[in-house]
1. Quick check: at a probe of 1.4 Å, how many percent of the accessible area of the range 81-145 sits on carbon and sulfur atoms?
2. Report the gain in length on full extension from ILE165 to LEU295: 0.36 nm times residue separation, minus Cα-Cα distance, nm rounded to one decimal.
3. Ignoring ligands, DNA and RNA, what percent of the 1.4 Å accessible area of the range 350-414 is carbon and sulfur?
4. May I ask you to compute the full-extension gain from ALA410 to HIS370, defined as 0.36 nm times their residue separation minus their alpha-carbon distance, rounded to one decimal in nm?
5. Using the basic label-point model (7 angstrom from Cα toward the beta carbon), what is the LEU157 to HIS100 distance in nanometres?
6. Figure the gain on full extension for LEU345 and GLU55 (residue separation times 0.36 nm, minus the Cα-Cα span) and round it to one decimal in nm.
7. What order do PHE23, PHE201 take when sorted by accessible area (1.4 Å probe), most exposed first?
8. Provide the per residue accessible area, probe 1.4 Å, for the range 1-157, rounded to a whole number of square angstrom.
Amino acid sequence: MTRDRTKRNYDLHSWVGITCGLFIYVVSLSGVFALFGDELSSWEDESLRIVLPEEPYPADALIERLLAATAEDGEIISLSLALPTAAQPVYEGSLLLRRHEDGAFVHHEQRWHPATGNELPEHRHGLVLWIVDFHRNLMLPRTLGRALVGLSGVLLLVLLFSGIITHRKLIREAFTWRLDRSVRLKWQDSHKALGLWGLPFNLMIAFTGAWLGLIILLLPLAAAVAFKGDAGAVIAAVSAPPPEPSGVSAPMTSIDAARRAVAQRVGIAPDSVDIQLWGDSQAVYGFHYRPNDMLVSHAKVDVGATTGRIVTLTRAGRPGLTHRIPPAITTLHYADFGGLWMKGLYTLLGLFLCVVTATGMMMWLERRLHGNEGRRPAWQYRLLGRSVAGICCGMALTTFAVFHADKIVAVTPEERLGMIGTVYFAVWSAALLYALLRANVYRTCKEVLAATAL
């Protein structure tokens, strides 16, 4: 590779890093916490602190109770029931109706205790929704937020490939870590070593994140090109066809009996069931479960709702790579396999990525403050360096601060999500202001991280 081409790759790596590094850092660190959305639910919602009974309350009675209270309001569009699991140890029923009088859609939700079947109070979202949605959508409208997060994956891919091309002595740099030298050398060696050791993970997380974020833009594009703008046709093309109603009424068989039959067949207890064509002779129970031997978050078993017989066992949508790749991408990105050990590994590698991003930005600034690469006044680089320290270190502080706010600040359930957002940005802004007022960036990082540890 010529010297000019190497220089161009280096400039691309540097400028993408300094202009987009903070954005990539925010998405990456928020993703580390979002990994544990299910596990954190019981922290936020005390009603989930329940020991699962050996024999849960009959699901049939709960479905009948939900239908009895709402079915006369309109036509059933969808009906589902989340079954008690270790992560979500309650029943959660969901019913979507189309009203007879005006055609409007009405959504009903209800939760029940797994042992007694007693109704549980409606849960108002707060901490967990903020942590998960901030990573997925940046708390913006879904299309815009998801596309921006996907863009961060594309930018990370550019950084990774330009870094690989720029740093050609990969083996030597992977084993060089001079922790007894200057701060600048510590940052430089940490940036290279952690970046190289985490490279396979970083490539995977960048690609899958870009896919999951940009697919929300690619779906309308595919609809416009191949299906004349019909997005529903695109979804139908990659989804299994729904059952056709017969128009003949028939009694439904026991959901509990069907659930036991599915658990015996696949060796894993289902965690949810969706019910199609309730009351029709062609009705189907679709039981979902997490397989242990495939890279998919859920597999499905269809059971005839009038016969109780297993109809189909679907491991990954339809046959073929087209239908296997999307579930695998989602499962890989969110670590929906391997249990807590895998999430722990993702956490460690995700933190490595955050350190690589932060040290890369600080190295760029150091070269311009104390080297011969600077073209701007020194005060501008110092201001940017303080901002990087405040945003990066302050984000860790503010994320842990909202856990305390969730328990300390007294608000109504309806106000909880707004309170979490207010505390989040208030603490983050305070950390940034503190960093801007401090002259020594190194001490600022130590002090804000010490507050985080406290």
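1. After summing per-atom areas, the C and S share lands at 53 percent.
2. Values: separation 130, 0.36 × 130 = 46.80 nm, distance 3.12 nm.
That pair, ILE165 and LEU295, stretches by 43.7 nm at full extension.
3. 63 percent
4. The span from ALA410 to HIS370 would gain 9.5 nm if fully extended.
5. The answer from the label model is 5.2 nm.
6. Going from the current span to full extension adds 101.0 nm.
7. PHE23, PHE201
8. Here the residues of the range 1-157 average 52 Å² of exposed surface.
The values are calculated or read from the model by the stated rules, or taken from the named source; none is laboratory data. What you see is a predicted model, and the numbers here were worked out from it, not measured in a lab. Cβ atoms come from the backbone with ideal geometry, glycine included; neighbour counts cover every protein chain shown. Note: areas computed on protein heavy atoms with side chains; ligands, DNA, RNA excluded. Shrake-Rupley method; radii C 1.70, N 1.55, O 1.52, S 1.80 Å.
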